[in-house]
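Visitor: Please see the structure below; I have some questions.
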Amino acid sequence: MTRKMNYSWTRMCGQSADLNIHGDNNKISISQLTNNQMGFTHLTHLLDKIICHIINDHKPAVVDSTTELGHINNSSPGDLVSDLLASRKADPGSGKVFISDLLLKDNIMTIFLAGHETVANALTWTFYLLSQSKEIEDKLHNEVDSVPGENAHTNDANMSKLQFTEKVFAESMRLYPPAWAVGRQAINDCKIGSYLIPAGSTILMSQYLTHRDPRFFTEPHRFSPERWTNELKAKLPRFSYFPFGGGPRSCIGEKFAWMEGILAISTISRRWRMDLEPSHLVVPQPLVTLRPKYGMLMRLIKRT
Ligand code: HEM
């Protein structure tokens, strides 16, 4: 059953949400839904509320509530949500706002769902791997320390100097790809190698398994950022490394994620290192993303 949901953004941010659920073109009332579907509706509301909360938290710094429409202060503090809010400025010609409330909410929802959990997992595994190899950690520290200035990493020229940091991030996503499998549905019958795939079948491709395949990576289970030479990149077959998927539906946030990951690793590592609590059990848990099943208990140590 296909279901279409219509939201009213204005009401959604208030107490009651305007949510209509249609099934096969016939409108059905909420009371007709099963418990599971009620759970889905409830969770959807909850998610909307979280996003509204994020937007409302950022509004005071950017939005001037004393004016009726223009309402933008032009003084965004520079974080992503504030910048998106500030971009809602009205076009002086037409008076129309460039980004509607709904589009703003959708953008923040995308970053929250698709971009937050994935990068958070990638960074968690990265600092875990670094805690397991003093030699690699030292090499990373040498690189990040070589870029001068407090906020030096945030400019383009310096980003390109963080090549070992980039390799660390790439290697971490090889061993612990935040998206550990992607799926596609066959539209027609097709043959892949000796396998006949009937139309309608779902095919799963696992980054976790492919990235650890010895045909592509020597000592595949070893954390070795140095392996990411131009030579290796040139000889790797297509889709032997695909943390961001591939084809027309590949990750739209890939470039953003590389920048975010490299900046976060370098900024944190300039001041801090992390040690895994010796008794902590690290077990990957393949849910929608690849998480550490028991979290990652680390001791944060200030670098001197
Ligand atoms: C380390 C971080 C990230 C990883 C590993 C990752 C991975 C992926 C993967 C594997 C897919 C599915 C691709 C496919 O089916 O071929 C995907 C889709 C997507 N990602 Fe990411 N992602 C990351 C960060 C982000 C960020 C930062 C954003 C947004 C700011 C984002 C937005 C999206 C969206 C919107 C899609 C769906 C694209 C579509 O269906 O057309 N992702 N991502």
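The values are calculated or read from the model by the stated rules, or taken from the named source; none is laboratory data. What you see is a predicted model, and the numbers here were worked out from it, not measured in a lab. For neighbour counting, all protein chains shown are included, and Cβ atoms are generated from backbone atoms with ideal geometry for every residue, glycine included.
Visitor: Return the residue satisfying two criteria in turn: it lies in the range 110-145 and is within 14 Å of the ligand (Cβ to nearest atom) and polar (S, T, N, Q), and of such residues it is modelled with the lowest pLDDT.
Guide: Out of the qualifying residues, it is T110.
Visitor: Condition first: within 16 Å of the ligand (Cβ to nearest atom) and touching a strand residue (DSSP E or B) at 6+ places or on another chain (Cβ under 8 Å). Now tell me which residues in the range 266-284 satisfy that. Can you show your working first?
Guide: Within the range 266-284, the subset within 16 Å of the ligand (Cβ to nearest atom) is 266, 268, 284.
P284, the sole residue that qualifies.
Visitor: OK, next. If you check every pair at least six apart or on different chains, which have Cβ atoms under 7 Å apart with a residue in the range 39-62 that is basic (K, R) first and a residue that is buried (at least 16 other Cβ atoms within 10 Å of the Cβ) and at pLDDT below 85 second?
Guide: Cβ pairs passing all conditions: K59/L85.
Visitor: What are the residue pairs meeting all of these: first residue in the range 252-273, first residue closer than 14 Å to P178 by Cβ and without any contact (Cβ under 8 Å) to a residue 40 or more places away in the chain, second residue within 12 Å of the ligand (Cβ to nearest atom) and outside any helix (DSSP H, G or I), Cβ atoms under 8 Å, and 6 or more apart or on different chains?
Guide: Here the result reads E254/F244, each pair linking the range 252-273 to a residue that is within 12 Å of the ligand (Cβ to nearest atom) and outside any helix (DSSP H, G or I).
Visitor: Here's a check for you: in the range 244-265, which residue that is aliphatic (A, V, I, L, M) and within 7 Å of the ligand (Cβ to nearest atom) is farthest from the chain's Cα centre (by Cα)? Outline the logic, then answer.
Guide: First pass over the range 244-265, keeping only residues aliphatic (A, V, I, L, M): 252, 257, 259, 262-265.
Next cut, within 7 Å of the ligand (Cβ to nearest atom) only: 252, 257.
Working: I252: 10, A257: 7 Å.
Going through the qualifying residues, I end up with I252.
Visitor: Can you tell me which residue in the range 229-243 is farthest from S172 (Cα to Cα), limited to those that are surrounded by 10 or more Cβ atoms within 10 Å (Cβ to Cβ) and within 16 Å of the ligand (Cβ to nearest atom)?
Guide: Taking the range 229-243 first, the residues surrounded by 10 or more Cβ atoms within 10 Å (Cβ to Cβ) are 229, 232-233, 235-236, 239-243.
Next, only the ones that are within 16 Å of the ligand (Cβ to nearest atom) stay: 239-243.
Details: F239: 17, S240: 15, Y241: 12, F242: 13, P243: 10 Å.
The extreme case among them is F239.
Visitor: Taking the condition of being surrounded by 13 or more Cβ atoms within 10 Å (Cβ to Cβ), within 14 Å of A120 (Cβ to Cβ) and over 14 Å from the mean Cα position of the chain (by Cα), how many residues in the range 266-303 meet it?
Guide: Number of matching residues: 4.
Visitor: Out of everything in the range 166-195 that is more than 12 Å from the ligand (Cβ to nearest atom) and surrounded by 10 or more Cβ atoms within 10 Å (Cβ to Cβ), what residue ends up being farthest from A122 (Cα to Cα)?
Guide: Here the residue is D189.
Visitor: I would also like to ask the following. Taking interchain pairs and intrachain pairs at least six residues apart, which have beta carbon atoms under 8 angstrom, with the first residue in the range 171-192 and among the acidic types (D, E) and the second assigned to a strand (DSSP E or B) and more than 11 Å from the ligand (Cβ to nearest atom)?
Guide: Sorted first by the residue in the range 171-192, then by its partner, the pairs are D189/L196; D189/I197.
Visitor: Condition test on E260, is it within 23 Å of T165 (Cα to Cα) and assigned by TED's automatic domain parsing to the domain that holds V147?
Guide: yes
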